[in-house]
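The values are calculated or read from the model by the stated rules, or taken from the named source; none is laboratory data. Being a predicted model, the structure only gives us computed values, none of them experimental. Ideal geometry is used to build each Cβ from the backbone, glycine not excepted, and the neighbour counts take in all protein chains shown. For the accessible areas, the whole protein counts, side chains as well, though only heavy atoms, and no ligand, DNA or RNA atoms are used. Shrake-Rupley method; radii C 1.70, N 1.55, O 1.52, S 1.80 Å.
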Amino acid sequence: MDILSIIGVLVGFSAIIGGNQLAGGELGSLVNFHAFVIVIGGTLGATMLQFPPKVFLRGLRISVWILIPEKLQMQNQIQKIVRWSSMARKEGLLGLETLIESEKDRFAKKGLQLLVDGNEPEVIRDSLEVELTTKEHLDMQAAKVFDAMGGYSPTIGIIGAVIGLIHVMQNLAKPELLGSGIATAFVATIYGVGLANLLFIPIANKLKSHIFRASQAREMLIEGISSIAEGENPRNIELKLSGFLLEN
């Protein structure tokens with residue numbers, strides 16, 4: 001569980017609500033169902049129009065990484081690669097065949113299979129890099145769903161504000177209706193800008209950060225498997241791969 005994400009959301013919204021209370025405002029003044037429908041509905045509609053269904057749904061699926069990120073465990077991965085290297089030097093590449101079925105990571109399993117099949121290091125590297133690039137592209141496109149929501153939300157909030165002002169102008173002769181129109185106008189702007197900067201854009205950036213780390217872990221795996229195929233010493237492989245841990 002990524003506690004920092006939860007704390008960040010709580011701190012951000014608490015600051016807005018708390019600041020409103022300190023200024024003498026009431027919590028009810030920030031609650032407006034009409035403004036909420038305009039901003040959320042408009043933002044979702046524009047985002048759905050921008051992306052194909054698969055990309056949009058993938059974006060919703062990977063949003064869980066904000067709270068429960070994938071466990072990369074790169075240090076453990078290095079130790080596992082070193083064990084593979086030692087086994088390959090003692091028993092040959094075919095000795096790794098027994099590990100393929102028990103390997104849970106699909107990417108690592110593919111690398112092991114390419115290794116056991118006796119492919120050249122360049123072939124192994126090229127094959128795995130194609131999959132790495134494809135997955136990274138798909139995940140980045142999915143993260144851009146929230147980037148788009150962060151871009152549309154403030155604009156939709158302005159549309160909500162204009163709608164509220166139109167309502168005000170249409171009811172100048174009915175003072176009792178002016179308050180709701182003005183409230184919708186200002187609250188819609190708050191919702192649009194607030195959701196963009198407190199949720200959508202931070203979510204997009206955190207997803208991109210996670211995607212980068214996951215790609216880095218796979219790059220390390222590619223380097224390790226390619227080094228085994230080249231017959232490098234296990235100790236040298238460990239020293240080489242430890243460079244991937246500098247930012248972790």
Legend entry - Residue that is most open to solvent (accessible area, probe 1.4 Å), among those in segment 11-61 that are aromatic (Phe, Trp, Tyr) and over 30 Å from Ile211 (Cβ atoms): Phe33
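Scan segment 76-103 for residues that are more than 14 Å from Ala217 (Cα to Cα) and open to solvent by 50 Å² or more (accessible area, probe 1.4 Å) and report the count. Before the answer, list the steps.
Taking segment 76-103 as the starting set, the residues that turn out to be more than 14 Å from Ala217 (Cα to Cα) are 82-103.
Add one more test, that the residue is open to solvent by 50 Å² or more (accessible area, probe 1.4 Å), and what stays is 83, 87, 89-91, 93-94, 97-98, 101-102.
So the count comes out to 11.
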Inset, instruction - For Gly111, state whether it is within 18 Å of Lys80 (Cα to Cα) and touching a residue at least 12 places away in the same chain (Cβ under 8 Å). - result: yes
Inset, instruction - Exactly one condition in (1) in contact with a Gly (Cβ under 8 Å, 6 or more places away or on another chain); (2) over 16 Å from Phe200 (Cβ atoms); (3) at pLDDT 90 or above is not met by Ala35; state its number. - result: (3)
Inset, instruction - Within segment 104-129, track down each residue that is assigned to a helix (DSSP H, G or I) and either farther than 15 Å from Glu223 by Cα or over 29 Å from the mean Cα position of the chain (by Cα) (or both). - result: Arg106, Gln113, Leu114, Leu115, Val116, Pro121, Glu122, Val123
Inset, instruction - Those residues that are open to solvent by 10 Å² or more (accessible area, probe 1.4 Å), touching a residue at least 40 places away in the same chain (Cβ under 8 Å) and closer than 30 Å to Lys144 by Cβ, I need them from segment 217-248; list them, please. - result: Ala217, Arg218, Glu219, Phe244, Leu245, Asn248
Inset, instruction - Collect the residues in segment 56-98 that are of a type in the set (Gly, Ala, Ser), under 30 Å from Asn236 (Cα atoms) and outside any loop (DSSP other than H, G, I, E, B), keeping them in residue-number order. - result: Ser85, Ser86, Ala88, Gly95
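Being hydrophobic (A, V, I, L, M, F, W, C), out of contact with any Phe, Trp or Tyr (no Cβ under 9 Å at 6 or more places or on another chain) and within 26 Å of Ile158 (Cβ to Cβ) is true for just one of Ala35, Ala23. Which residue is that?
Ala23 is the lone residue from the list that is hydrophobic (A, V, I, L, M, F, W, C), out of contact with any Phe, Trp or Tyr (no Cβ under 9 Å at 6 or more places or on another chain) and within 26 Å of Ile158 (Cβ to Cβ).
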